[in-house]
Amino acid sequence: SPPPGASPGSGALNPFDRRLKRKQKNWAALQAEPAKCDYLREEVRGPGGGAGGTWLCSVLLILPFRTFPLALDVGSGRGYIAQHLTKETVEKLIQVDIAENALKNAIESEIPTVRVVADEEFLPFKEDTFDLVVSSLSLHWVNDLPKSFREIHQVLKPDGVFIGAMFGGDTLYELRCSLQLAELEREGGFSPHVSPFTAVADLGHLLSRAGFNTLTVDTDEIQVNYPGLFEVMEDLQGKYILCMGESNCSWNRKPLLHRETMLAAAAIYQEMYGNSDGSVPATFQIYYMIGWKYHESQAKPAQRGSATVSFGDLAKIEGLLKREKK
């Protein structure tokens with residue numbers, strides 16, 4: 001459990017109420033048909049085009065070249081990633097989630113699996129334990145992301161790899177901007193209705209400081225169209241956000257929106273972002289990351305000044321190829 005200092009009074013250091021997040025995810029896992037609410041998770045983990053293809057390709061480019069005896073899924077939920085792992089590549093999998101109901105209702109996998117109820121912020125494992133760590137759409141809810149990256153790096157064995165996906169800073173920017181402008185107009189100020197997210201410019205730096213090397217950080221967007229703002233809010237609060245356990249758990253969240261503010265926000269949303277057919281878009285930005293724990297067997301960059309070819313010679317390659325062809 002979190003240390004005593006993690007409380008509402010912790011301010012910006014702890015923006016999220018983790019106890020509330022656990023309740024939300026436990027409630028979500030007990031819904032009648034949770035699979036219908038997982039369209040974003042399905043898109044991110046693949047298969048398919050768009051962002052899902054990026055995530056799946058990131059995994060598949062690495063896995064065929066080696067076997068991972070022990071893997072860890074951080075914030076596994078109902079086991080979305082496990083469905084794309086095979087026993088030929090991962091021999092044993094440990095799934096960790098803060099919500100026990102999510103683990104009880106996990107999707108079965110062909111890989112031998114152990115499920116552990118634990119907070120993603122406090123991984124209960126020894127150093128140099130896992131060959132592979134994966135995480136999909138979970139880390140955006142942790143209070144101390146640098147610490148979480150350090151813990152993931154710590155539990156990885158040397159030459160182990162971390163592959164993750166999380167929501168990015170531009171997620172739901174249309175909704176956020178429309179609500180803020182409407183609240184400023186009608187109420188003279190605004191409160192956060194969408195949780196804060198990490199900026200992509202910070203992600204590589206945080207991973208590097210945690211000790212990861214050979215980093216790959218990529219970003220993609222998933223856009224969903226709705227008839228209007230009220231349908232966006234209904235889907236987010238009902239089908240998607242609650243069923244995925246993604247309700248806002250910020251300490252400074254505002255519980256209610258006035259009707260006049262909602263009507264103004266709907267008009268602003270349509271005016272600023274509306275499509276030609278009358279619908280409005282909702283954008284979900286996804287960050288993808290891959291980082292390795294250092295091992296002496298890994299390839300090392302050449303010493304500075306040891307290059308034998310200049311970048312200025314690259315322009316000559318096309319001419320050399322043409323001459324060779326003739």
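Inspection of the stretch 94-113 identifies at least one residue that is free of Cβ contacts under 8 Å to residues at least 24 places away in the same chain and in contact with an Asp or Glu (Cβ under 9 Å, 6 or more places away or on another chain). When Ala267 is evaluated against the numbered criteria (1) farther than 27 Å from Val200 by Cα; (2) open to solvent by 100 Å² or more (accessible area, probe 1.4 Å), which criterion, by number, is the only one it fails? (2) is the only condition that Ala267 fails. Look at Val96 and say whether it is within 17 Å of Leu207 (Cα to Cα) and touching a strand residue (DSSP E or B) at 6+ places or on another chain (Cβ under 8 Å). Criteria not met by Val96. Checking each residue in the stretch 106-138 for being among the charged types (D, E, K, R), in a strand (DSSP E or B) and either touching a Cys at 6+ places or on another chain (Cβ under 7 Å) or open to solvent by less than 40 Å² (accessible area, probe 1.4 Å) (or both) picks out only Asp131. For the stretch 91-102, the set of residues classified as touching a helix residue (DSSP H, G or I) at 6+ places or on another chain (Cβ under 8 Å), of a type outside the set (Gly, Ala, Ser) and surrounded by 16 or more Cβ atoms within 10 Å (Cβ to Cβ) consists of Leu93, Gln95, Asp97, Ile98, Asn101, listed by residue number.
Inspection of the stretch 81-88 identifies no residue that is at pLDDT 85 or above and part of a helix (DSSP H, G or I). Which members of the stretch 53-77 meet the condition of being open to solvent by less than 40 Å² (accessible area, probe 1.4 Å), of a type in the set (Ser, Thr, Tyr) and at pLDDT 65 or above? Matches in the stretch 53-77: Ser76 only. Starting from residues that are of a type in the set (Asp, Glu) and in a loop (DSSP other than H, G, I, E, B), keep the ones in the stretch 234-283 and report whichever is modelled with the highest pLDDT. Looking at the filtered set, the residue picked out is Asp277. The combined condition, being open to solvent by 40 Å² or more (accessible area, probe 1.4 Å), under 30 Å from Val232 (Cβ atoms) and assigned to a helix (DSSP H, G or I), is not fulfilled by Arg150. A Cβ distance below 6 Å, combined with a sequence gap of six or more or placement on separate chains, defines the contacts here; from the stretch 204-232, residues that are touching a residue at least 60 places away in the same chain (Cβ under 8 Å) and assigned to a strand (DSSP E or B) reach residues that are of a type in the set (Ser, Thr, Tyr) and open to solvent by 70 Å² or more (accessible area, probe 1.4 Å) in the pairs Asn213/Tyr294. Checked against the criterion of being in a helix (DSSP H, G or I) and at pLDDT below 80, the candidates Gly305, Gly312 yield just one match: Gly312.
The values are calculated or read from the model by the stated rules, or taken from the named source; none is laboratory data. Please read these numbers as outputs of a predicted model, since none were measured by experiment. Here Cβ is always computed from backbone atoms with ideal geometry, including for glycine, and neighbour counts include all displayed protein chains. With ligands, DNA and RNA removed, areas are computed over all heavy atoms of the protein, side chains included. Shrake-Rupley method; radii C 1.70, N 1.55, O 1.52, S 1.80 Å.
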